[in-house]
Amino acid sequence: MELKRPAVEDWRDALVAGDTNSFLLLVRNYLGAVKTPYNKHELVSRLEAFMQAPENAAAIIGFLSDDELAVVAAVELLGPSAPTALVELFAYRMKPETLDAVVASLVDRLVLFRCPAADYALAVAPPLRDAALAVVDFGRFFETVPAKTAPEPAWLTGDLICTVFSFLFHGRKQFRKNGLLTKKAQEALVALAPELVHSQMPQLETRYSDVMECFRNTGVIEGVEDPSVNADAFGAVFDRADTGLVFEFAAARHCEVSEDGSSRSFVVDAKLLRNVFEAIPSEVTFGGMGLWRYVKYVATSCGCGQLTDFIVDLLVRFGFVHATKQGYSKPSGDASDAKRSAKTPKAKKADAAPRATPTVIVDGSHVVKVLPEADDDARRFVAVAARPERRDVVLSAIVDRDSAFDAFDAGIGADTLSRRLAELSGGPLPQSLLFSFESWEKEYQSVRLYFGFTIVAKGPSAMAMEHSPAMKRLDVRKLGDGIYFVATDARADIESALVKAGLRLPSRVTGATPGSRVRVRKAAHPKALDPASCRAVLEAKPGKARPNDGDRRIAALHRALKKLDRKDWELRELEARINKKIVLNEAQLKVADFPSVGRLEAGSLDFLGKARVAEDAIASGGAELDIQYKPKGGDVIRVLVVPVELRKETEGLVLVARISGTDKGIEIPISAVSKIRRLRKGFFGDRRHEQH
Amino acid sequence: MDMGGPLIVQSDMTILLDAHDPLFEEARVALSPFAVLEKSPEHMHTYRLTPLSLWNAASAGLGADAIENALARFSRYEVPSGVIHAARDFIARFGTLVLHDDPDADSTSELFLECADPAVAAEIAASRRLVKYLVPRPGGFGVLLADRGTVKQELIRLGRPVRDEARLSPGDPFTVSLRDTAASGSPFTLRPYQDDAVAAFMGGNTPGNGYGVIVLPCGSGKTVVGMAVMSAVGRKTLIVTTNIAAAHQWMDELHDKTAVAHDDIGEYSGERKIVKPITVATYQILTWRQEKGEEFPHFDLFRKQKWGLVIFDEVHLLPAPVFRVVAEIQAVRRLGLTATLVREDGHEEDVFSLVGPKRCDVPWKELERRGFIATAVCREVRIPLPQRDQIRYAAADQRARIRIAAENSRKVEAVLELVENHPEDRILVIGQYLDQLGALAQALKAPLITGKIPNPERERIYSDFKSGKERIIVVSKVANFAVDLPDASMAIQTSGTFGSRQEEAQRLGRILRPKKRNSYFYSLVSLYTIEEEFSSNRRRFLTEQGYRYAIEAWDEAEWN
């Protein structure tokens, strides 16, 4: 994925424009004493040269732990992104404070930096980027291993969706009053679509419930009490499904329902779901939280990281990704392929030429057979036109009077039924079927059920109904003498037309008022996402092995330190730096220059020490303090604060501070403090705990 | 071009065969030994692997490997592993149990059911339904000869087929020679498919053969196949038919096409009880008894004669009580003949297990293509009810509606018009309701045959029809089966038994004797009535055999 990475100039600018004190601390650590007056640009150049020296770069990289490498990998993957992205990506692996510490350490060690040009987002330091990325194994970050066996294809298929719809659409008395299927209907449905029952969870609450929920959320199943099945809504699912029926359908599983229940908004966009699915390679198995992390990465890259939980849930729930003992694997093949059913075996010969025969067969007994090669459109049409009877590799459905009436209900006339079935079957239909369609349609039309407004008008009003331009625009149909019908549920339109036609407005509507259908809203469309680029990250192998000599180097540095003739506190400081891996070689031990940072910790009865720590923190420009104190009559409290001032009160000194991360002020008597510890900012302002 | 194969093997054990595939014929031949043909419509035929079909294949020496290879060779997709697994399992079961004569038995009426697998033996011994028939013995069970069929039937229900190697009773010898020239003077020879059917039944006279069902279309000469089997067996034969007319036709055919003397052919019916080396009986007389609950006295016909062969004509109609006696005569060769093995009571499996497995099944359209049965043009004519009947119909309950629709008075006019439009055809008008049939006979000035007409009178009318003296006859359901009217070229069905598929097929069968012209089958159906639904169901057997119906409606305007 091509995200804009900071250039080396950005890195230089960041150092030049950054906090001078922090910068000087860093330079003194790596390059030794800084003579004044100094040229900041020149120091940056020297630092850059120091980092790029092969032995130094190797030392920095050699000190990186697995966790640190993972953070480097994550920062590189995320590119310039929101500050919370990294924390989210490491959820379930590192606590935020641990991650903070790792990031601060990596910044001090020049591996990462905060880029002002990218709103201070973390980035890999350009002078070290090539060397660092050469040892990063992104697959390791996502805990991938080569997949051993290809799992079963996703159980949710276009074939299944069409079959279940067809079963519901052509069913009779199959819903109970509470909106659930009767036991008999459930059994019949499962016989037709056995994959609705999970082999390891035979209860119907799993897959079956998910599919039914999707049908409800898409408005295909309407109403809770005495529900009906809406073919238009099913058609709408197809119309929206420009990225694949299965994804459009699956995405409907999670939706937000408006307060009045009239509209449902999908949480996850179907296109996003499909893109994430496509970004998952089938050749690997994701262990532990690897899949979640990968989806997080992919979704974050198009601004949808907050939907990770939903996306992972949909992928696993509908079998696009399978959970196994080894981890999560994706089946090979295209899950969006409606031609594939759970029972469809592979073509015997992969190189067999496509069949010339049609994929839908209609025989003289009015049985319609749908072959596995049939596409979405064919299945959709057959689902509406014929009632499913048996389903295996081939779906067998029957066209009869009832199924035809259902199709007429869905607005498909005899002509369309005949024409489309003939097209799909590639030849003329049996005459008996053509005749039957026409005959059934005549019978169907002999009784009509209208939905809309009926207007009864007499005398001059009837004349106005028939001749007024306003009423004509409403497409008023005359059903009988003085009886008119308008196919709309918008009463306001009718009222307006009646007024324009010069008719007196009826004060009330006689009869029941029509209901309204559920509106379905798609999820917000995400930014563009290129699945292939995402996958490429996993396919890339580390350029070289990471040097594995960090411990040996540290041990050598400690030995060298013992031979140095420096002040005790300097030796302690250097020892700490070695442990923090910001000392790369023995020469650095000799040249390192560091002013005293003052007292860092005091406690209990060391009243002066506690005040000194607070003063130094205030003087440093706001270093945070970790304070444990006991308010009057209370228990010991631990709080992280940014000190503002020390105020003299009659009872003694009081620290005035702000609780870190908030605007909330706090006043703490120094006498009540049992322990005070200064948290030093990293070289670039990243918080971390001083260690002594 | 490699099309990938004509078969689609499904996990529910059905196999679809693409009739338009270049390998169709080859695949059909390969499938037939181990799969049952269920449907053969114009595009995609349906076969099914059943335990019986697989055991039958196993008994014929076909192994699981051969079946797997055949499926793999012709299959368009990978064969589901479950199908192969199930087929192998069923095949492996065959041979676990072997029924043979018991040389150690005190009496010749005992057989020995050998069971080498102790687990299977334990399973069988634990069966409540079998325990009274089996005597546990080392290595198996003793079985009484009379229980042979019942035991085999129960074992099949348990999923344990028996390889029946016990000898069949030879029966008393009796030679039946087929003539080269029929007594009527026409040349007579077996057609290839009839030869195949006989060979399939006889199976080289090896153990496991000599019993079974042959399914051939109406008009294709099942009686001839029966006579050819009689000739091959060469033993005294009992033939059981549906009714006296059918019995007489059998006797006529035997006189015409075999050299059996008239005196050697007996009729065992309500009218006569003459037992001869070749005896033709009816199901009615066999199932007659004085009172409900009493024994069937005429079952002794099976028991007291040393028959070498029993033929069950129209075996799909085998009455339930006869199953009992068939179970007793498992030592006798048994041949079932039918065109439509569709039973509304669902007892097809009992036919297979007691009479024997399907040995031969030839699709109707196949024989039509080869000219052995007539090409039939099927038309359904929808006729509106007269207005007065429409009102009656709307107000009637379901039962009355069926009657009103069936007896639509306009059907009489429609029949007259159809008859007028087919001056060259010899016509059967077939219906269900006697009042309607009476009206039709009167309007057509044609003789009427119903169950009330005495048999001699019926046979006279049939004879007049055959001789050309009568061009049209009106018949009730008594002519549904086994009435051979070779020159009938047109049938008009005015009403029927609800949605009976079998009746529809049998009625069409009355006009399928090959002739130099097409046959026409008209079915009259009242428009916008329950009859349309019945008709839709009635057509199914034939449409599944590849017949296409054209439907036309005679509009209201045409009647005004």
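The values are calculated or read from the model by the stated rules, or taken from the named source; none is laboratory data. Model, not experiment: these values are computed from the prediction. Note: ideal-geometry Cβ built from the backbone for every residue, glycine included; neighbour counts use all protein chains shown. Calculation scope for accessible area: heavy atoms of the full protein, side chains included, ligands and nucleic acids excluded. Shrake-Rupley method; radii C 1.70, N 1.55, O 1.52, S 1.80 Å.
Do the conditions hold for A:Ala342, that is, is it within 11 Å of another protein chain (Cβ to nearest Cβ), closer than 30 Å to B:Tyr549 by Cα and at pLDDT below 85? Quick ask: steps written out before the conclusion?
Numbers: within 11 Å of another protein chain (Cβ to nearest Cβ): yes; closer than 30 Å to B:Tyr549 by Cα: no; at pLDDT below 85: yes.
For A:Ala342, the condition - within 11 Å of another protein chain (Cβ to nearest Cβ), closer than 30 Å to B:Tyr549 by Cα and at pLDDT below 85 - is not met.
Is it fair to say B:Leu335 is in contact with a Gly (Cβ under 8 Å, 6 or more places away or on another chain), in a helix (DSSP H, G or I) and either at pLDDT 80 or above or within 25 Å of B:Glu504 (Cβ to Cβ) (or both)?
Values: in contact with a Gly (Cβ under 8 Å, 6 or more places away or on another chain): yes; in a helix (DSSP H, G or I): no; either at pLDDT 80 or above or within 25 Å of B:Glu504 (Cβ to Cβ) (or both): yes.
Here the answer is no, as B:Leu335 does not meet what is asked.
As an exercise: evaluate B:Ala482 against (1) at pLDDT below 90; (2) more than 23 Å from B:Pro363 (Cβ to Cβ); (3) hydrophobic (A, V, I, L, M, F, W, C) and give the number of the one condition it does not meet.
(2)
Out of all the residues in the range B:32-62, which are closer than 12 Å to B:Arg359 by Cβ and not in a helix (DSSP H, G or I)? Quick ask: steps written out before the conclusion?
Going residue by residue through the range B:32-62, those that are closer than 12 Å to B:Arg359 by Cβ are B:32-33, B:36, B:52-53, B:56-57, B:59-60.
Correct list: B:Ser32, B:Pro33, B:Val36, B:Ala60.
I want to confirm something. Restricting to the range B:177-209 and keeping residues that are surrounded by 15 or more Cβ atoms within 10 Å (Cβ to Cβ) and of a type in the set (S, T, N, Q), which single residue is farthest from B:Glu366 (Cα to Cα)?
Looking at the filtered set, the residue picked out is B:Asn209.
Residues in the range B:76-97: is at least one within 14 Å of chain A (Cβ to nearest Cβ), farther than 20 Å from B:Ala60 by Cα, without any contact (Cβ under 8 Å) to a residue 40 or more places away in the chain and in contact with a strand residue (DSSP E or B) (Cβ under 9 Å, 6 or more places away or on another chain)?
There is at least one residue in the range B:76-97 that is within 14 Å of chain A (Cβ to nearest Cβ), farther than 20 Å from B:Ala60 by Cα, without any contact (Cβ under 8 Å) to a residue 40 or more places away in the chain and in contact with a strand residue (DSSP E or B) (Cβ under 9 Å, 6 or more places away or on another chain).
Looking at (1) within 27 Å of the chain's Cα centre (by Cα); (2) at negative phi; (3) surrounded by fewer than 16 Cβ atoms within 10 Å (Cβ to Cβ), which is the one condition that is false for B:Thr150?
The single condition B:Thr150 does not satisfy is (3).
Is it the case, given these coordinates, that B:Arg73 is open to solvent by 10 Å² or more (accessible area, probe 1.4 Å), within 22 Å of B:Arg160 (Cα to Cα) and of a type in the set (D, E, K, R)? So that I can check it myself, show each step before the final result.
Numbers: open to solvent by 10 Å² or more (accessible area, probe 1.4 Å): yes; within 22 Å of B:Arg160 (Cα to Cα): no; of a type in the set (D, E, K, R): yes.
No: the conditions fail for B:Arg73.
Can you pull out the residues in the range A:91-130 that are touching a strand residue (DSSP E or B) at 6+ places or on another chain (Cβ under 8 Å) and either open to solvent by 30 Å² or more (accessible area, probe 1.4 Å) or modelled with pLDDT under 85 (or both)? Give the steps one after another, and end with the answer.
Restricting attention to the range A:91-130, the residues satisfying the condition of being touching a strand residue (DSSP E or B) at 6+ places or on another chain (Cβ under 8 Å) are A:100, A:103-104, A:106-107, A:111-115, A:120-125.
Selection gives A:Asp100, A:Ala104, A:Arg114, A:Tyr120, A:Ala121.
State which residue pairs qualify: first residue open to solvent by 20 Å² or more (accessible area, probe 1.4 Å) and inside the range A:404-417, second residue modelled with pLDDT under 95 and part of a helix (DSSP H, G or I) in any location, beta carbons under 6 Å apart, and separation of 6 or more residues or different chains.
Sorted first by the residue in the range A:404-417, then by its partner, the pairs are A:Phe405/A:Tyr444; A:Ala410/A:Ala231.
Got a sec? Which of A:Arg12, A:Arg46 is farther than 30 Å from A:Asp309 by Cβ and either among the aromatic types (Phe, Trp, Tyr) or crowded, with 16+ Cβ neighbours inside 10 Å (or both)?
Details: A:Arg46 fails: either among the aromatic types (Phe, Trp, Tyr) or crowded, with 16+ Cβ neighbours inside 10 Å (or both).
From the options A:Arg12, A:Arg46, the qualifying one is A:Arg12.
Take A:Ile221 and decide whether it is in contact with a Pro (Cβ under 9 Å, 6 or more places away or on another chain) and either of a type outside the set (D, E, K, R) or touching a residue at least 12 places away in the same chain (Cβ under 8 Å) (or both).
Yes, satisfied.
I'd like to check which helices (runs of 4 or more DSSP H) are fully inside the range B:88-168 and have at least 2 residues that are more than 20 Å from B:Tyr211 (Cβ to Cβ). So that I can check it myself, show each step before the final result.
Values: elements: B:118-125, B:128-131, B:148-157.
Those helices (runs of 4 or more DSSP H) span B:118-125, B:128-131.
Yes or no: the range B:51-70 includes at least one residue that is more than 19 Å from B:Arg160 (Cα to Cα), within 14 Å of another protein chain (Cβ to nearest Cβ) and not hydrophobic (A, V, I, L, M, F, W, C).
Yes: the range B:51-70 contains one or more residues that are more than 19 Å from B:Arg160 (Cα to Cα), within 14 Å of another protein chain (Cβ to nearest Cβ) and not hydrophobic (A, V, I, L, M, F, W, C).
Give the range B:494-532 a look and list any residue that's modelled with pLDDT under 90, within 11 Å of chain A (Cβ to nearest Cβ) and either under 23 Å from B:Ile473 (Cβ atoms) or not in a loop (DSSP other than H, G, I, E, B) (or both), or say none.
Selection gives B:Arg501 alone.
Condition first: of a type in the set (D, E, K, R) and either in a loop (DSSP other than H, G, I, E, B) or more than 8 Å from chain A (Cβ to nearest Cβ) (or both). Now tell me which residues in the range B:533-551 satisfy that. Spell out the reasoning first.
Pass one, the range B:533-551, residues of a type in the set (D, E, K, R): B:533, B:538-540, B:544, B:548.
Those that are of a type in the set (D, E, K, R) and either in a loop (DSSP other than H, G, I, E, B) or more than 8 Å from chain A (Cβ to nearest Cβ) (or both): B:Arg538, B:Arg539, B:Arg548.
Which of the residues belonging to the range A:430-445 are open to solvent by less than 30 Å² (accessible area, probe 1.4 Å) and either at the interface with chain B (Cβ under 10 Å from one of its Cβ atoms) or more than 25 Å from B:Ile530 (Cβ to Cβ) (or both)? Outline the logic, then answer.
The first filter runs over the range A:430-445 and keeps only residues open to solvent by less than 30 Å² (accessible area, probe 1.4 Å), leaving A:430, A:432-433, A:436-437, A:439-440.
Correct list: A:Pro430, A:Ser432, A:Leu433, A:Ser436, A:Ser439, A:Trp440.
In the range B:1-23, which residues are at the interface with chain A (Cβ under 8 Å from one of its Cβ atoms), over 23 Å from B:Ala339 (Cβ atoms) and in a strand (DSSP E or B)?
B:Ile8, B:Val9, B:Leu16, B:Asp18
Could you say which residue among B:Glu42, B:Glu38, B:Glu26 is at pLDDT 90 or above and surrounded by fewer than 23 Cβ atoms within 10 Å (Cβ to Cβ)? If you could, list the steps in order and put the result at the bottom.
Details: B:Glu42 fails: at pLDDT 90 or above; B:Glu38 fails: at pLDDT 90 or above.
Among B:Glu42, B:Glu38, B:Glu26, only B:Glu26 is at pLDDT 90 or above and surrounded by fewer than 23 Cβ atoms within 10 Å (Cβ to Cβ).
Does the range A:375-394 hold any residues that are open to solvent by less than 20 Å² (accessible area, probe 1.4 Å) and free of Cβ contacts under 8 Å to residues at least 40 places away in the same chain, and which are they?
A:Ala385, A:Val394
Filter the range B:45-60 down to residues that are touching a strand residue (DSSP E or B) at 6+ places or on another chain (Cβ under 6 Å) and crowded, with 21+ Cβ neighbours inside 10 Å and give me whichever is nearest to B:Asp164 (Cα to Cα).
B:Ser53
I need a count of the residues in the range B:24-42 that are within 13 Å of another protein chain (Cβ to nearest Cβ) and out of contact with any Lys or Arg (no Cβ under 8 Å at 6 or more places or on another chain). Spell out how you get there, then give the answer.
From the range B:24-42, those within 13 Å of another protein chain (Cβ to nearest Cβ) are B:24, B:38-42; that's our starting set.
Filter once more, keeping what is out of contact with any Lys or Arg (no Cβ under 8 Å at 6 or more places or on another chain): B:24, B:39, B:41.
Number satisfying all stated conditions: 3.
I need a count of the residues in the range B:315-330 that are touching a strand residue (DSSP E or B) at 6+ places or on another chain (Cβ under 6 Å) and open to solvent by 10 Å² or more (accessible area, probe 1.4 Å).
The qualifying residues number 0.
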